[in-house]
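The structure appears below as structure tokens.
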Amino acid sequence: MDAESWHARLSSGHWYRHLPAPLQHSLLAHARVRQLAAGQVLFKRGDPPCGLYAVLEGSLRISAVNEQGKEALLSLAQAPFWFGEIAVFDGLPRTHDACAVGPCTLLQVPQSAMLHLLAQSPAYWRDMALLMSQKLRLSFINIEQLSLAPASVRLAHRLWMIAEGYGEIDGSRRVVQLAQEDLAAMLGVSRQTTNMLLKELQGQGVVRLGYGEIEILDAPRLREMAQG
């Protein structure tokens with residue numbers, strides 16, 4: 001399938017849907033569809049900038065690993081999530097690793113095409129800034145929660161944000177494809193603590209735990225818990 005055929009899927013996301021129609025067309029005209037196998041790395045921290053991406057199918061882990069091999073999992077990118085805009089702005093190396101969780105389909109607008117497009121229409125830089133500011137807003141919220149909120153609130157909030165596509169989709173996903181160890185890595189707590197908190201939510205009828213997934217049974221209650 002060519003890039004144009006993914007327009008409807010991308011339009012389910014707030015950022016792309018509110019772009020000017022000429023910019024939507026230009027992004028698809030310059031894009032190529034890429035397929036990643038499970039576990040395949042898209043790019044690693046320190047790699048040169050390679051453009052803007054959107055997840056079309058499947059999911060990607062956005063993470064960082066220190067010298068001791070400990071991983072900090074920052075987000076789980078699922079359709080129709082766009083990412084990679086930081087390197088479009090500053091032209092510097094990638095800040096994190098991106099790796100496919102399972103088979104994954106992506107849209108890539110190469111760096112040179114992005115810069116050419118923005119040079120031709122400088123007004124579109126504002127649209128790119130809106131994409132980056134959305135991520136910055138979420139980062140500030142996560143930093144605040146890490147300092148002030150108990151683990152139970154942070155867990156509920158992270159689950160809710162993933163279900164809502166980090167604010168990109170209307171409504172929320174009923175099933176979140178996420179292993180407990182990955183959720184623990186996002187929260188910076190042990191897997192045992194994460195399992196205990198999830199079982200408390202399950203006991204309250206808020207979620208149902210499955211293999212590698214969490215089904216949200218009571219979305220209003222989870223939202224309430226996420227707000228502390």
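The values are calculated or read from the model by the stated rules, or taken from the named source; none is laboratory data. Just so you know, these numbers come straight off a predicted model, no measurement behind them. Methodologically, a virtual Cβ is constructed for each residue, glycine included, from the backbone with ideal geometry; neighbour enumeration extends over all protein chains shown.
Annotations for the structure displayed:
- Matching entry among 139, 121 (being among the polar types (S, T, N, Q), modelled with pLDDT of 95 or more and out of contact with any strand residue (DSSP E or B) (no Cβ under 6 Å at 6 or more places or on another chain)): 121
- Of the helices (runs of 4 or more DSSP H) lying entirely inside the stretch 156-228, none contains at least 2 residues that are modelled with pLDDT under 90 and loosely packed, with under 15 Cβ neighbours inside 10 Å.
- Qualifying residue in the stretch 72-79 (condition: more than 12 Å from the chain's Cα centre (by Cα) and surrounded by fewer than 19 Cβ atoms within 10 Å (Cβ to Cβ)): yes
- Residue satisfying all of: in the stretch 44-56; among the hydrophobic types (A, V, I, L, M, F, W, C) and surrounded by 19 or more Cβ atoms within 10 Å (Cβ to Cβ); farthest from residue 114 (Cα to Cα) among these: 56
- Cross-chain or 6+ apart pairs with Cβ under 8 Å, the stretch 156-167 first and without any contact (Cβ under 8 Å) to a residue 12 or more places away in the chain, then of a type in the set (Lys, Arg) and in a loop (DSSP other than H, G, I, E, B): 164/173
- Of all residues in the stretch 105-155, exactly one satisfies the criterion of being among the polar types (S, T, N, Q), within 17 Å of residue 86 (Cα to Cα) and surrounded by 18 or more Cβ atoms within 10 Å (Cβ to Cβ), namely 108.
- Subset of the stretch 140-155 (residues that are of a type in the set (Val, Ile, Thr) and without any contact (Cβ under 8 Å) to a residue 24 or more places away in the chain): 141, 143
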